[in-house]
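Q: Structure provided below as structure tokens; questions to follow.
The values are calculated or read from the model by the stated rules, or taken from the named source; none is laboratory data. Remember, predicted model here, so these are calculated numbers, not experimental data. Here Cβ is always computed from backbone atoms with ideal geometry, including for glycine, and neighbour counts include all displayed protein chains.
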Amino acid sequence: MSVGTDLLNVPFPQMVRSLAMAIADGQRSLDKTSMETTRFLAQEQVQLIEEIWEVITPKVRDATYHDSSGAQHTIQVTGATVEAGHSDPVKFSLLQAGLFPTFYQFTESVIEVKMSISSRTTSSTELEAGASLGVNYGPVSFAAHVNFKTSSTFSYSVEGSSLLRTTLKPVPPPARLSPRVITINLLPTITGQPPTVTVA
């Protein structure tokens, strides 16, 4: 098996398809959660105090003191009193109070595949030969020996790792989902002026 064949065997299309489907399922779940949050914010109501005020009123009081001769004197000391108050609580939905749902979107996805392939083949051959000749006043004797050794070693290893990374960022809610806030100010009508209307 060659290194190129191993690289071609990496299931890259399946990895891309699986990542895309996982992102699609995750995006669908995120959008569904944001819509449910919007519905909850529109239905849940709280009581808010719109205005808090403080009224500072001057207050004059008499203060007496004695001089070194023991005579008593009276002077006026100017002080102040603070009266705090607030408007009656008004019911608002959490959406009217300014709490908007957060929408998220997958903006970047990365697939990274790392493989380390190594193969090694070693072989060795040994040949040993010898011969001997002996004469002993008779028939000639001859002896020979041959030793042949061979060995072959093959090793093959593959190491691989994959990384799937995606980036999730908040995005503004859809324009049609965010309600328009219309403020009608009737204070100018006190002086005979028309009311002012602000749309945000």
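Q: Can you find, within the stretch 60-106, the residue that is farthest from the chain's Cα centre (by Cα) among those that are polar (S, T, N, Q), assigned to a strand (DSSP E or B) and surrounded by 10 or more Cβ atoms within 10 Å (Cβ to Cβ)? Write out each step before concluding.
A: To start, the set of residues in the stretch 60-106 that are polar (S, T, N, Q) comprises 64, 68-69, 72, 74, 76, 78, 81, 87, 93, 96, 102, 105.
Of the ones still in play, those that are also assigned to a strand (DSSP E or B) are 64, 72, 74, 76, 78, 81, 93, 105.
Filter once more, keeping what is surrounded by 10 or more Cβ atoms within 10 Å (Cβ to Cβ): 93, 105.
Values: 93: 29, 105: 11 Å.
Across the stretch 60-106, the extreme among qualifying residues is 93.
Q: Condition first: of a type in the set (A, V, I, L, M, F, W, C) and assigned to a strand (DSSP E or B). Now tell me which residues in the stretch 32-59 satisfy that.
A: First, the residues of the stretch 32-59 that are of a type in the set (A, V, I, L, M, F, W, C): 35, 40-42, 46, 48-49, 52-53, 55-56.
Matches in the stretch 32-59: 46, 48, 52, 53, 55, 56.
Q: Which one of these is among the hydroxyl-bearing types (Ser, Thr, Tyr), surrounded by 14 or more Cβ atoms within 10 Å (Cβ to Cβ), more than 30 Å from residue 12 (Cβ to Cβ) and in contact (Cβ under 8 Å) with a residue 60 or more places away in the chain: 109, 34?
A: Exactly one of 109, 34 is among the hydroxyl-bearing types (Ser, Thr, Tyr), surrounded by 14 or more Cβ atoms within 10 Å (Cβ to Cβ), more than 30 Å from residue 12 (Cβ to Cβ) and in contact (Cβ under 8 Å) with a residue 60 or more places away in the chain, namely 34.
Q: Does residue 12 qualify as being in contact (Cβ under 8 Å) with a residue 60 or more places away in the chain and aromatic (Phe, Trp, Tyr)?
A: Working: in contact (Cβ under 8 Å) with a residue 60 or more places away in the chain: yes; aromatic (Phe, Trp, Tyr): yes.
Against the criterion (in contact (Cβ under 8 Å) with a residue 60 or more places away in the chain and aromatic (Phe, Trp, Tyr)), residue 12 qualifies.
Q: Do you know which residues across the stretch 1-22 are modelled with pLDDT of 70 or more and either under 30 Å from residue 98 (Cα atoms) or not in a helix (DSSP H, G or I) (or both)? Step through it out loud before you land on a result.
A: Here is the first cut: in the stretch 1-22, the ones modelled with pLDDT of 70 or more are 11-22.
Result: 11, single match.
Q: Go through the residues of the stretch 32-41 one by one and say whether even a single one is out of contact with any Asp or Glu (no Cβ under 8 Å at 6 or more places or on another chain) and more than 30 Å from residue 169 (Cβ to Cβ). Full working, then the answer.
A: From the stretch 32-41, those out of contact with any Asp or Glu (no Cβ under 8 Å at 6 or more places or on another chain) are 32-41; that's our starting set.
Those still in the list that are more than 30 Å from residue 169 (Cβ to Cβ) too: none.
Taking every residue of the stretch 32-41 in turn, none turns out to be out of contact with any Asp or Glu (no Cβ under 8 Å at 6 or more places or on another chain) and more than 30 Å from residue 169 (Cβ to Cβ).
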